[in-house]
Every structure is written in structure tokens, then in C-alpha cells.
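Only one structure is covered here, and it is reproduced in the block below.
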Amino acid sequence: MFYTIVGTQWGDEGKGKIVDWLSSKADYVARFQGGNNAGHTIKVDKNVYKLNLLPSGIIRNKKCLIGNGVVLDPWALINEIKNLRNQNIQIDNDNLFIAENVCLILPIHKLIDEINELSLGNNLIGTTKKGIGPAYEDKVGRRAIRLCDLPDQDNLKNKIKSLYNFHEPRLKKFNKILDFENTYEELTNISTEIINFSAPVWKIINDAGKQNKFILFEGAQGSLLDIDFGTYPYVTSSNTSSGQIFSGTGFGIKENHNVLGITKAYTTRVGSGPFVTELHNEIGDHFVEKGQEFGTVTKRKRRCGWFDAVLVGQSIAINGITDVVLTKLDVLDDLEEIKVCVGYEAMHKKYDYLPFDENIHSTLVPIYETLPGWQETTYGLTTWDDLPKKAQNYINFLESKIQKNISIISTGPDRVNTIDRNNLLSNN
Ligand code: GDP
Ligand code: IMO
Ligand code: MG
């Protein structure tokens, strides 16, 4: 059984919670793109776990894989492992396997990320400054240092030197200097610990597939941040869509695949870029406060707005989503009425999708349909029948607009605050 979990909006939809919920059934959980720009939160009773690089299955001691599609900051990894071990999570080379061909994020990438943002001035992307984009650029430029480069120290030194030489002219322009020897020494100091996790992930995952193991692919970010299909250039630097699981892990098996699209009951975004249903009023503030919409990684306040059925519909198509998981329904509990965007209008023209042309984005006006709010609590509910009628109507309405079943509903941050309409957990 193979499940892929992807975000259908601009990230932070609650993927971590759902991966953790579903991973009770999983044998393997694999990350296939992104890096420590991701921030996935898991709540189990009084414990809150924050994961950036490690697959969320680590909390349940599942076999966790970091695929080659990820860009890996070795220092961030060590730090995350240390923090989780302090929370009594077991991490060793029995449950964590990192692809030998994963590309590394080095200090120079974080510096370049900063410089890139600085040089964009007001048009900055609002990146997490974790070096993600620059590391992917070096990967595509065939200059990256990979995990498999760590054991051969002489070769490693030469590779880091030539990488730093390549970037030196631009760094100098911004009066920044980074000594490659420092990076080399710091990297060799921690390399044994990292090499310990190195493994042929492509092989492990295909063998697991052949043995019919339950494999869960954990997406990071969201479809609207996808480098190809997102709101370019205000996107991340990887393919966040489900198609990436194949090239991001080497998994080659195509049948038996389920794709869950994690979707917030409203919309949020961190960083710059178009956001047609954004609210600059007290309802937007209410979402921030009640939904605790502050970035896990950068602590920035998330921009908030109404549910956009146009965008979610687009993501469903691009990812081949089989079922939608609706999260944070409880955040809507107090509202008198709730709006859903069902199309856009610009210069007397109607759109049922978001065009790629950036110039059109700023002219788009949302077409809303308004539904009555339920104004009673749904927090922590675990059955469909217990939901207020008007909440059921809201979900039915969303289903009709996005033309996909909403099979799972999340009513709170804890793994137990979940409505499993089709008994997906007990049937698998
Ligand atoms: P991810 O990046 O998609 O994993 O999402 P984040 O962890 O960055 O952000 C989602 C936040 O919402 C986290 O703080 C979760 O604990 C929380 N959360 C997830 N599902 C629910 C829910 O149904 N209701 C509420 N109130 N909070 C939720
Ligand atoms: P999870 O997995 C929300 C956003 C950044 C910025 C853009 C580019 O927790 O959903 P980057 O550092 O990737 O080059 O930044 O992408 N971004 C996210 N927004 N959730 C995330 O991850 C994000 N990862 C990156 O805010 O707008
Ligand atoms: Mg997040």
C-alpha cells in the first residue's frame, strides 16, 4: 500500500499531523523533496514535536527515509536529531536512512539565500533563508557536494574549494567572504555521524514496495509553492507535487497508489506572492489568532484568507489526488458566515484557474459564495454525525466545488482529533 501526502495550498496545511496519524499503519515514511524549510508539527497528548528534515514517522519509530530529492543541511540534521532524542525519540541507523546521493546545504548556500533576498529589495520572495534555493541551483549546476562525497576527505576538500571559488565573485560584490577551509573542517568534524545514516534509499524503498510494505511519502510545502506549477517566482525551489516521489526517492512502482491532498479549511501563506482571497480585516486576524498561524520555521505571522476552491481544484488535478483531508475545521467555529472562492474575475473576464501571467494576478477579484457559519464547537470531534449540520453543509459544498471526496477531517492538532469518514485507518 502506498500513500503520498501533499499540501494543496501554500504549505502548513497540517501534513505533519496527518502523516503521524496515518503512520500508525506505515512501515516506511519517506521525504522526497525540500529540506529544513519545512516545519511539520505533531501533537501527542501534552507533547509537541517539530520536524524539519526528519520524516514525521520517526515519532512512531517507523523506518524513515530521506530521499535524494531532499537538500540536506548536515548541521540542521544533527541539531534536529539531538532535540528529538531529548524528547525521548529513538533515532539510529535502524530507523533513519539517508540517500547516498542527497545533495548538501552548506553555509555558503544560506549566505547566498540572504544575498539573493537582499538584492531583490521590495520584490523579495520571503524565503526561509535556509539555503534551499541556492543548494538546488548547485545541484542542477552539477557542483553540489553529496553525502557520498564525505568519506574521501581529499576529494571533499577539493570539491568544497571549487564550489566556493565558483561563488566567490558574487560574495565579494556583497562584501561577504567565507573560508572553504572552515566549512571543510566543520563538515569533517560531523561527517562520521552523518555517514552513519547513509544508505541506498532507492533500493530499500523498491524492495519494501515489492514486499507490499506500507510506504508513506511525506510531502513538504504545498502545490502552490511548486517550482513549476506554483505562483512563480514566489515559490520554493523544488517540485512539491506528488510526481516528485519517483525522482526524489528512486521508487519505481506505480500501482496501488493513493494521494491524499492535505487542505486547510481556509487559506494561509507565508512569504510574498499573490493571494487572491487574502483578508486584511478582523476575520483574517481571527484566523491568525485562533489557528495560531505563525510559521514553525521562521515564526512569521502567516497571511490568512478564505478557502479558494479554484486553487485547490488545480492542485487536485496536478497531484492526482484521490482523497482530500480537510484540516483546521475547528478554526472556523465562531464565524457567522463563511465565504468560499469559486472563480475569479478580471477586466470582465472570468477565470476558473489561476493563469501563470504575474501581471494578471494583481487584477483578479474573487467570486465568492457565502455559507452560514455553525457557531458551535467542532474541536476534537471524531465522528461525522457529531458535526453540526451547517459544518457538514460547508464540507459538502467544498466537495461539490473541488469535485473530490473529503474523506478525513481534522478537528484539532492532536492525532486523535480526527474524523475518518471511510474508516481508512481500520481498513488498511
Ligand atoms: P505542515 O507544515 O503542513 O505539517 O503544518 P504545520 O505543522 O506547519 O502547521 C499546522 C499547524 O496546525 C500545527 O501547529 C498543527 O499542530 C496545527 N493543526 C493541525 N491540524 C489542526 C486542526 O485540525 N485544528 C487545529 N486547531 N490545529 C491543527
Ligand atoms: P511546510 O512543509 C509554508 C515558503 C517560504 C517562501 C517560499 C520560498 O511546513 O508546509 P524557500 O526557503 O523554500 O526558498 O522559500 O516558500 N515556504 C513555506 N511556506 N510552509 C512550508 O513548508 C514552506 N517552505 C517554504 O515562506 O515564501
Ligand atoms: Mg509547516
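The values are calculated or read from the model by the stated rules, or taken from the named source; none is laboratory data. Small disclaimer: the values here were computed from a predicted structure and weren't measured. All Cβ positions, glycine included, derive from the backbone under ideal geometry; neighbour counts span all protein chains shown. Heavy atoms of the whole protein, side chains included, go into the accessibility calculation; ligands, DNA and RNA do not. Shrake-Rupley method; radii C 1.70, N 1.55, O 1.52, S 1.80 Å.
Principal axis extents for region 166-305, Cα atoms only, whole Å, descending order, please.
In descending order, the Cα extents are 53, 52, 27 Å.
By how many degrees, between 0 and 90 and to the nearest 10, does the Cα long axis of helix 74-86 differ from the longest principal axis of the chain?
Between the helix axis and the principal axis of the chain, the angle is about 60 degrees.
May I ask you to evaluate 6.51 cos²θ - 1.76 cosθ + 1.60, the Karplus curve with θ = phi - 60°, for each residue of region 405-410 and list the ³J(HN,Hα) values in order in whole Hz, giving x for glycine and proline?
Once θ is set to phi - 60°, the couplings for region 405-410 become 6, 9, 8, 10, 10, 9 Hz.
So if I average 1/r over every pair of distinct C-alpha atoms in region 380-421 and take the inverse, what Kirkwood radius in Å does that give?
10.7 Å
Straight-line reach from Lys349: which aspartates and glutamates fall under 19 Å, measuring Cα to Cα and dropping same-chain residues less than 8 apart?
Asp308, Asp357, Glu358, Glu369
Asp73: net charge of surrounding residues, Cβ under 10 Å, Lys/Arg +1, Asp/Glu -1, itself excluded?
Around Asp73, the surrounding residues sum to +1.
Can you list residues whose amide H is under 5 Å from Gly11's amide H, if they're 5+ apart or on another chain and H is modeled 1.01 Å from N?
Gly222, Ser223, Leu224
When the accessible area of the chain is split by element with a 1.4 Å probe, what percent falls to carbon and sulfur?
Here carbon and sulfur together make up 46 percent of the probe-accessible area.
In whole angstrom, note down how far apart the Cα centers of region 367-416 and region 63-90 are.
34 Å
Take every DSSP beta bridge with both residues inside region 262-420 and express the antiparallel ones as a percent of the total, to the nearest 5.
Of all bridge pairs located within region 262-420, approximately 70 percent are antiparallel.
What translational D, rounded to a whole number of µm²/s, comes out for region 33-82 from Stokes-Einstein when the hydrodynamic radius is the Kirkwood one over Cα pairs, at 37 °C and 0.692 mPa s?
Translational D for this selection: 286 µm²/s.
Starting from the Cα of Phe246, step 7 Å along the direction of its Cβ; do the same at Ser362; then give the gap between the two resulting points in nm.
Placing both labels 7 Å beyond Cα along the Cβ direction yields 3.9 nm.
Tell me which lysines have Cα within less than 29 Å of Lys159's Cα, excluding those fewer than 8 residues away on the same chain?
Here the lysines satisfying the reach criterion relative to Lys159 are Lys82, Lys110, Lys129, Lys130, Lys139, Lys172, Lys173, Lys176, Lys203.
On the Cα set of region 105-195, report Rg and Dmax in Å, please.
Looking at region 105-195, its Cα Rg and Dmax stand at 13.6, 43 Å.
Taking just the alpha carbons, could you work out the radius of gyration and Dmax for region 262-420, both in angstroms?
15.5, 47
If you average 1/r over every pair of different alpha-carbon atoms in the chain and take one over that average, what Kirkwood value in Å do you get?
Radius from the Kirkwood sum: 22.2 Å.
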